Amino acid sequence: MQVKAQGLLNAAKYVEEAYGQPALRDVLRGCSDALRERYVAAIAIEWHPVEELVEFLYVADRSLGRGDGRIAEEIGASGARANMKGTMTRVAFYVSKPEFLLQRVSGLWRQFNDEGSMALLGVTERSASIEVRDIQRTYPLFCATITGWGREIVAAFGGVAPQARHVECRARGGARCVWDVRWSGVRKGSAGG
């Protein structure tokens, strides 16, 4: 699978902002020469192999965290925040109901990934179920970024106490990749409130 370099650039920016320039240098030093070259020359809209992003996530997760996927999850949340800064997206978040918004955001999958799709399986008043389908090879740390992304999307529409869990993972032997996202309510004045 190929992904947009924007994900790699957002990941590096998150590491630099959260941990500082020396930490980013250490993470990049732990990566392959090919990945360092990609990082230096990357343009956000260019495609590159997902394995390069996974390599960066692996090194960052072990260098800055406990190797349990939490850093990759925070990188995913940070990427979602960065992607939601556009004017059109902000407008959609303010005028949409959570179900419409989650469906619309799921539809954006192919703008950032050249393989597979994201499907909204169902939405209730305080939860949603999302599946990533038709990807040949999955990676636990890539899935962790989607967990962080899901949590941040819920926060964007005003979801209170947003949570996201990867309840079934193909990279860990599951039949599918499914996320359960939940919130305890919606803030008044937000898209869903």
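The values are calculated or read from the model by the stated rules, or taken from the named source; none is laboratory data. A quick note: this is a predicted structure, and the numbers were derived from the prediction, not measured. A quick note on method: Cβ atoms are made from the backbone with ideal geometry, for glycine too, and the neighbour counts reach across all protein chains shown.
Cβ-Cβ distances below 6 Å connect the following pairs, each with a first residue in region 1-20 that is outside the structural domain of residue 146 (by TED's automatic domain parsing), a second residue that is polar (S, T, N, Q) and in a helix (DSSP H, G or I), and a separation of six or more residues or different chains: 14/78. Scanning region 135-155 for residues that are out of contact with any Leu (no Cβ under 8 Å at 6 or more places or on another chain) and either assigned to a helix (DSSP H, G or I) or of a type in the set (Val, Ile, Thr) (or both) yields a count of 13. Checked across region 175-185, the condition of being at pLDDT below 95, in contact with a Phe, Trp or Tyr (Cβ under 8 Å, 6 or more places away or on another chain) and either part of a helix (DSSP H, G or I) or surrounded by fewer than 23 Cβ atoms within 10 Å (Cβ to Cβ) (or both) holds for no residue. For region 64-78, the criterion of being assigned by TED's automatic domain parsing to the domain that holds residue 12, surrounded by 18 or more Cβ atoms within 10 Å (Cβ to Cβ), without any contact (Cβ under 8 Å) to a residue 60 or more places away in the chain and farther than 24 Å from residue 137 by Cβ is met by at least one residue.
Being in the same structural domain as residue 108 (by TED's automatic domain parsing), in a strand (DSSP E or B) and over 23 Å from residue 49 (Cα atoms): is that true of residue 165 here? Spell out the reasoning first.
Numbers: in the same structural domain as residue 108 (by TED's automatic domain parsing): yes; in a strand (DSSP E or B): yes; over 23 Å from residue 49 (Cα atoms): yes.
Yes: the conditions hold for residue 165.
Among residues of region 127-147 that are under 28 Å from residue 161 (Cβ atoms), those with a Cβ under 6 angstrom from a residue that is acidic (Asp, Glu) and part of a strand (DSSP E or B), sequence gap 6+ or separate chain, pair up as 129/180. Examine region 136-146 for a residue that is over 18 Å from residue 72 (Cβ atoms) and surrounded by fewer than 17 Cβ atoms within 10 Å (Cβ to Cβ), and state whether such a residue exists. Yes, region 136-146 has at least one match. A single entry from 132, 167, 154 fulfils the requirement of being over 15 Å from the mean Cα position of the chain (by Cα), of a type in the set (Val, Ile, Thr) and under 18 Å from residue 73 (Cα atoms): 167. So, residue 117, is that one at pLDDT 90 or above and either in contact with a Lys or Arg (Cβ under 7 Å, 6 or more places away or on another chain) or closer than 17 Å to residue 162 by Cβ (or both) or not? In short, yes.
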